[in-house]
Amino acid sequence: GFSKGAPFCEWCYPTPFIQENMAERGGFSKGAGDKGARGRGRGGRGGRRARGRRDDEDKWVPCTKLGRLVQQGKIKSLEEIYLFSMPVKEYQIVEHFLGSSLKDEVMKIMPVQKQTTAGQRTRFKAFVVVGDSNGHIGLGVKCSKEVATAIRGAIILAKMSLVPVRRGYWGNKIGKVHTVPTKVTGKCGSVSIRLIPAPRGSGIVAARTPKKVLQLAGIEDCFTCSRGSTKTLGNFVKATFDALSKTYGFLTPELWRETKYVAAPFQEHTDFLAKPAAGERRKAEYAY
């Protein structure tokens, strides 16, 4: 900006309007504008603008067709999404259905290093498990320079990787489902874990890592058998998640009923999806 006592000729001297604007922005020396005073206070226009931006960020604007259908209430539950194997690309979809019932657990935070010419570059890797203790479980792994950012990213990835967990009975079908329906095995690296149905009241007989995952999935009774390097906690968590995600892949007699095919949501709501989304409509208005 211009300094306070700078000489100006009659052609290049700033007009009163320019002087006023520059003083507002702190363009002159320190005392000329009110920049210093505004910096110490709550802020002028900047504060209002930031508040408005935060409100915009809080409001979810769907980017995918599935997100639009969920926001408008065309899809009623997560099970409809799983039935047609539709990929979930927005974590707000899961939050919309499960919301406050979701709980997250940070399983491990480990530093990882990369060798560069200047030395080592250290980052932090977070393993987070998300579940509602009622038949849904998700696992997220995220690496970042800061621990808080890694955890936040892992929670979002865990929500997007949420899978349904099938539960069943040991013996007679009395009361609510309480254990895994069949013996299932999951594997990651050298770690393999086998989940075995257990009688009611047995509890979860497992190490601390899979026990927490099974609790978040909503399984009350289960025997486990694991082998390999289970001290590698990341692989142990992934193996448990792999085993739980296989529970719906096992075909049992109660699933032999004839399937009644219905139209997929994208096909059923074609007319709604053909209309421009809210964001696209706003862009078109600005274009005119």
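Given (1) open to solvent by 10 Å² or more (accessible area, probe 1.4 Å); (2) assigned to a strand (DSSP E or B); (3) of a type in the set (Val, Ile, Thr); (4) farther than 27 Å from HIS96 by Cα, identify the lone condition not met by VAL141.
(4)
Filter segment 73-91 down to the residues that are over 20 Å from ASN134 (Cβ atoms) and touching a helix residue (DSSP H, G or I) at 6+ places or on another chain (Cβ under 9 Å) and list them by number.
Of segment 73-91, the ones over 20 Å from ASN134 (Cβ atoms) are 73-74, 84-87, 89-90.
Result: LYS74, PHE84, MET86, PRO87, LYS89, GLU90.
One line per residue, one yes/no per condition, for (1) part of a strand (DSSP E or B); (2) farther than 30 Å from LEU255 by Cα; (3) in contact with a strand residue (DSSP E or B) (Cβ under 6 Å, 6 or more places away or on another chain); (4) not charged (D, E, K, R):
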| position | (1), (2), (3), (4) |
| --- | --- |
| LEU69 | no, no, no, yes |
| SER85 | no, no, no, yes |
| SER100 | no, yes, no, yes |
| MET107 | yes, yes, yes, yes |
| GLN115 | yes, yes, no, yes |
| LYS125 | yes, yes, yes, no |
| ALA158 | no, no, yes, yes |
| ARG166 | no, no, no, no |
| ASN172 | no, no, no, yes |
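Report whether or not ARG208 is more than 17 Å from ILE137 (Cβ to Cβ), of a type in the set (D, E, K, R) and out of contact with any Leu (no Cβ under 7 Å at 6 or more places or on another chain). Outline the logic, then answer.
Numbers: more than 17 Å from ILE137 (Cβ to Cβ): no; of a type in the set (D, E, K, R): yes; out of contact with any Leu (no Cβ under 7 Å at 6 or more places or on another chain): yes.
It is false that ARG208 is more than 17 Å from ILE137 (Cβ to Cβ), of a type in the set (D, E, K, R) and out of contact with any Leu (no Cβ under 7 Å at 6 or more places or on another chain).
State whether one or more residues within segment 255-264 are part of a helix (DSSP H, G or I), open to solvent by less than 30 Å² (accessible area, probe 1.4 Å) and among the hydrophobic types (A, V, I, L, M, F, W, C).
No, because not a single residue in segment 255-264 is part of a helix (DSSP H, G or I), open to solvent by less than 30 Å² (accessible area, probe 1.4 Å) and among the hydrophobic types (A, V, I, L, M, F, W, C).
Which condition from (1) open to solvent by 20 Å² or more (accessible area, probe 1.4 Å); (2) more than 26 Å from LYS76 (Cβ to Cβ); (3) under 27 Å from the mean Cα position of the chain (by Cα) is the one that GLY234 breaks?
(1)
The values are calculated or read from the model by the stated rules, or taken from the named source; none is laboratory data. Remember, predicted model here, so these are calculated numbers, not experimental data. Neighbour counts run over all protein chains shown; Cβ positions are idealised from the backbone, glycine included. Note: accessible area is taken over every heavy atom of the protein model, side chains too, but ligands, DNA and RNA are not part of it. Shrake-Rupley method; radii C 1.70, N 1.55, O 1.52, S 1.80 Å.
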